[in-house]
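Trainee: Mind having a look at this structure? Questions to follow.
Readers should treat all values here as calculations from the given coordinates under stated rules, not as data from a laboratory. The shown structure was predicted, so the numbers you read here are calculated from the model rather than taken from an experiment. Neighbour counts run over all protein chains shown; Cβ positions are idealised from the backbone, glycine included.
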Amino acid sequence: MQNGSPFTPASTLAQPIAHLFVVVGMVMIAILLLVTALVLYASFRYRYRPGAREPHQEFGRRGLEIAWTVAPLILLVYIFTITVHAMHRADPEVSQNRLPDMLIVGHQWWWEARYLDSHVLAANEIHIPTGKLFLVRLESADVIHDWWVPQLGRKMDAVPGHPNLFWLEADAPGTYLGTCAEYCGAEHAWMRIRVIAEPQVAFEGWTAQQLAIPSTAAMSADAKDGEKLFQKLTCSNCHSVSGFTQDTGVGPNLTHIAGRETLAAGVRTNTPENLAKWLANPQAVKPESHMPNFQLTNEQVRYLTAYLETLQ
Ligand code: CUA
């Protein structure tokens, strides 16, 4: 279930796109084969032979010309019709008073997700309930990005100053992979998306868990030192941890960072070792990332890692 292939649609919004692609692809292959066969036939049949006379020359033949004008016309009208039909199915109209369920903001180089009902803040890993059309308002914090999770539907540009609405829906539970599909700078390749679709009950459980403030009661001494460093080193100017620091919207919200599968929008799997490497030198893990190298000591990295690992 974990792939990003447009040929295995997992949404009523993606099916018409995959179907259209296959139909138009087959038409194109048929035309390619026909033209190739005719060119090969003519090249062989009328090839140069010593002493042979020039083949019979003919100017214009009305029947043939009508045929090769009308046949492509019919084909194009057919493709136009099925395309318009697929566009309507892949992108149902949004009624005037329908409010978005979620705000997604493209940043260089990660995705911010804000659930407008529950106020859950997430990054890069986006949970949705299965079988429900989720309306997303897509924005950009800097340059043009492009949201694309091929199994779940159409692409949508994230344009600065021009919010776009699109529907997100998954028929079956699973993790659906996507990425930014508009070149947006050095780390364009590492703006990966994971959409985790789960049944309504599981989604509500996830929402409740995200809203809970991580308990600091059972923190180790290292983690407590890390929590102090988190503020002292100004981490909280960009990253917020609910119940502890203000929401900034600059860098990814870290309230439940330990519960995520990947780090830095998909660059590494989320393990304590990788988190420590990231903190020690983010530029070595994701060059040009806006996370600066704080020249942390090994000890500071250990404390901060211990702290962030408590944020389940
Ligand atoms: Cu964001 Cu490419």
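Trainee: May I ask for the angle, rounded to the nearest 10°, between helix 221-232 and the longest principal axis of the chain, with both axes built from Cα atoms and the value confined to 0 to 90°?
Mentor: So the inclination is approximately 70 degrees.
Trainee: Additional query: What percent does the relative contact order of the stretch 221-308 come to when contacts are Cα pairs within less than 8 Å and at least six residues apart?
Mentor: Values: 110 pairs, mean separation 32.5, N = 88.
Relative CO of the stretch 221-308 lands at 37 percent.
Trainee: Next question, about the same structure. Which whole number of Å³ per residue matches the convex hull of the alpha-carbon atoms in the chain?
Mentor: Measuring per residue, one finds 192 Å³ for the Cα hull of the chain.
Trainee: State, to one decimal in nm², a quarter of the convex hull surface area for the C-alpha atoms of the stretch 144-254, i.e. the direction-averaged projected area. Provide the component values of the computation, followed by the final result.
Mentor: On the way: hull surface 38.1 nm².
For the Cα atoms of the stretch 144-254, the hull's average projected area reads 9.5 nm².
Trainee: Which one, E261, E125, E58, has the greatest fluctuation when you compute a Gaussian network model over the chain with C-alpha springs under 10 angstrom?
Mentor: Ranking E261, E125, E58 by mean-square fluctuation puts E58 first.
Trainee: Where is the GNM fluctuation largest for the chain (alpha-carbon springs, 10 angstrom cutoff): G51, G259, G226?
Mentor: Its mean-square fluctuation being the largest, the pick is G51.
Trainee: So, R0 is 30 Å and r is the distance between the beta-carbons of I29 and E58; what FRET efficiency does that work out to, to 0.05?
Mentor: On the way: r = 30 Å, r/R0 = 1.01.
The calculated FRET efficiency here is 0.50.
Trainee: For the stretch 2-51, I need the span (max minus min coordinate) of the C-alpha atoms along each principal axis, in Å, sorted largest to smallest.
Mentor: 65, 19, 6
Trainee: A further question follows. Work the Kirkwood hydrodynamic radius out for the stretch 268-312: mean of 1/r over every pair of different alpha-carbon atoms, inverted, in Å.
Mentor: Working: mean 1/r = 0.0934 Å⁻¹.
This gives a value of 10.7 Å.
Trainee: What does the extension gain come out to for S215 and L40, with contour length at 0.36 nm per residue minus their alpha carbon separation?
Mentor: 55.6 nm
Trainee: Find, among the chymotrypsin sites (Phe, Trp or Tyr not before Pro) in the stretch 20-83, those assigned to loop by DSSP (not H, G, I, E, B) with at most 10 other beta-carbon atoms within 10 angstrom. Don't jump to the answer; show the numbers that get you there.
Mentor: Numbers: sites: F21, Y41, F44, Y46, Y48, F59, W68, Y78, F80; in loops: Y46, Y48, F59.
Here the sparse-neighbourhood loop sites are Y48, F59.
Trainee: Can you give the calculated 222 nm mean residue ellipticity of the chain, where each DSSP H run of n ≥ 4 adds -39,500 (n - 2.57) and the sum is split over every residue, rounded to the nearest 500 deg cm²/dmol?
Mentor: Details: 7 runs with 109 residues, N = 312.
Computed ellipticity for the chain at 222 nm equals -11500 deg cm²/dmol.
Trainee: Please list, in chain and number order, the residues 5+ apart from D146 or on another chain whose amide H is under 5 Å from its amide H, with Hs placed from the backbone.
Mentor: A158, A181, E182
Trainee: Still on this structure, I have one more. Which percentage, to the nearest 5, of the DSSP beta bridges contained in the chain is antiparallel? Provide the component values of the computation, followed by the final result.
Mentor: Details: 28 of 38 bridges.
So the antiparallel bridges in the chain amount to around 75 percent.
Trainee: Another question, then. To the nearest µm²/s, what D does Stokes-Einstein give for the stretch 221-308 at 4 °C and 1.567 mPa s, using the Kirkwood radius over alpha carbon pairs as Rh?
Mentor: Working: Rh = 13.1 Å.
Stokes-Einstein gives a translational diffusion coefficient of 99 µm²/s.
Trainee: If you don't mind, another one. Quote the relative contact order of the stretch 61-217 in percent (integer), defining contacts as alpha-carbon pairs under 8 Å separated by 6+ residues. Walk me through the numbers on the way to the answer.
Mentor: Details: 292 pairs, mean separation 33.7, N = 157.
The value is 21 percent.
Trainee: For W111, what residues show an amide H to amide H distance below 5 Å, using hydrogens built from the backbone and excluding near sequence neighbours?
Mentor: N124
Trainee: So which chymotrypsin sites (Phe, Trp or Tyr not before Pro) in the stretch 102-205 are both in a DSSP loop and have at most 16 other Cβ atoms within 10 Å of their Cβ? Write down the numbers at each step before the final one.
Mentor: Working: sites: W109, W110, W111, Y115, F134, W147, W148, F166, W167, Y176, Y183, W190, F203; in loops: W109, Y183.
Passing both the DSSP loop test and the Cβ count: Y183.
Trainee: In addition: Using a Gaussian network for the chain with springs between C-alpha atoms less than 10 Å apart, which of these wobbles most: E187, E65, E198?
Mentor: Its mean-square fluctuation being the largest, the pick is E65.
Trainee: Considering Cα pairs under 8 angstrom that are at least six residues apart, work out the relative contact order of the chain and quote it in whole percent.
Mentor: On the way: 547 pairs, mean separation 53.4, N = 312.
Contact order relative to length: 17 percent.
Trainee: Using unit Cβ charges (K, R positive; D, E negative) and no other charged atoms, how large, in debye to the nearest 20, is the dipole of the chain about its Cα centre? Write down the numbers at each step before the final one.
Mentor: On the way: 23 positive and 28 negative charges, 246 e Å.
Here the size comes out at about 1180 debye.
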